[in-house]
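J.: Here it is, the structure in full.
The numbers here are math on the coordinates, done by the rules we state, and not lab data. Just so it is clear, the structure is predicted and the values come from calculations on it, not from any experiment. Neighbour counts are summed over all protein chains in view; Cβ atoms, including those assigned to glycine, are modelled from backbone coordinates with ideal geometry.
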Amino acid sequence: PPAIIVVGEVCALSDKLQWREIMPLFGKKILVPRPRERSSSLTEKLRRLGAEVLELPAIELEPREDNSFLREQIADIGSVSWIVFTSPMGVEVFFREMRSMKKDARSLSGCRFAVLGAGTGRELEKHGCLSDLMPKVYDNEALARELLPLLGAEDKVLIPRAAIGNPEAD
């Protein structure tokens with residue numbers, strides 16, 4: 001782009017007008033490939049730090065057409081000790097299926113919840129449930145490392161997740 005040349009008395013204000021240039025991410029161009037419905041918060045934070053942000057969703061999240069396995073697990077939710085959510089979408093789909101089956105949070109009274117990340121925890125809270133475990137490092141390995149010592153031999157764990165998600169989550 002062409003350079004803008006400023007002349008006159010306004011030049012004396014250059015120190016006060018450089019507020020954007022001193023922001024930590026000024027001059028950085030950042031691509032956010034997250035799905036559009038999940039990127040606005042991150043995008044806004046990056047912009048507040050001075051970054052130029054381009055949202056370019058690289059994946060699209062859609063609920064499975066056939067959720068029969070999840071529906072079977074929800075029908076027998078009383079036998080589940082832990083429900084592990086690895087994404088906000090997993091929480092959303094799980095509770096959508098619960099509602100479609102005319103079940104509410106009372107049927108989850110015997111369950112404990114583990115979440116992978118603060119965003120997933122916030123989504124769980126929207127449904128009236130708090131997480132019992134969120135690893136300090138937001139990855140599947142850390143989650144497994146912190147959850148395993150809490151499990152007994154009889155505990156059943158349900159992990160509602162994407163059909164083609166990270167294979168390490170299995």
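J.: What nm value, rounded to one decimal, do you get for the distance between Arg48 and Arg71 when each label is placed 7 Å out toward the C-beta?
T.: 4.2 nm
J.: Report, ordered by chain and residue number, the aspartates and glutamates lying within cross-link reach of Lys156, taken as a straight Cα distance under 18 Å and ignoring same-chain residues fewer than 8 apart.
T.: Candidates past the 8-residue exclusion: Glu72, Asp76, Asp132, Glu146, Asp170.
J.: Further question: How many nm is it between the label spots at Asp132 and Asp104, if each spot is 7 Å from the Cα in line with the beta carbon?
T.: If labels sit at Asp132 and Asp104, their model points lie 2.3 nm apart.
J.: Same structure again: Given a Förster distance of 25 Å, report the FRET efficiency between Arg64 and Val157 from their Cβ-Cβ distance, rounded to the nearest 0.05. Walk me through the numbers before you get to the answer.
T.: Numbers: r = 20 Å, r/R0 = 0.78.
After rounding to 0.05, the efficiency reads 0.80.
J.: Can you give the percent of C-alpha pairs in region 46-85 whose distance is more than 15 Å?
T.: Values: 524 of 780 pairs.
The share of Cα pairs beyond 15 Å in region 46-85 comes to 67 percent.
J.: While we're here: Please enumerate, by chain and number, the lysines with C-alpha under 17 Å from the C-alpha of Lys29, excluding those fewer than 8 residues away in the same chain.
T.: Result set, ordered by chain and number: Lys45.
J.: Please label the shape of region 90-132 as rounded, prolate or oblate, based on the square roots a ≥ b ≥ c of the eigenvalues of the alpha-carbon gyration tensor (a/c under 1.5 means rounded; beyond that, a/b larger than b/c means prolate, else oblate). Don't jump to the answer; show the numbers that get you there.
T.: Details: a/c = 2.29, a/b = 1.42, b/c = 1.61.
Because a/c hits 1.5 or more and a/b fails to exceed b/c, region 90-132 counts as oblate.
J.: Please report the projected area of region 40-156's Cα convex hull averaged over all directions, in nm². Please report the intermediate quantities before stating the final value.
T.: On the way: hull surface 35.9 nm².
Across all orientations, region 40-156 yields a mean hull projection of 9.0 nm².
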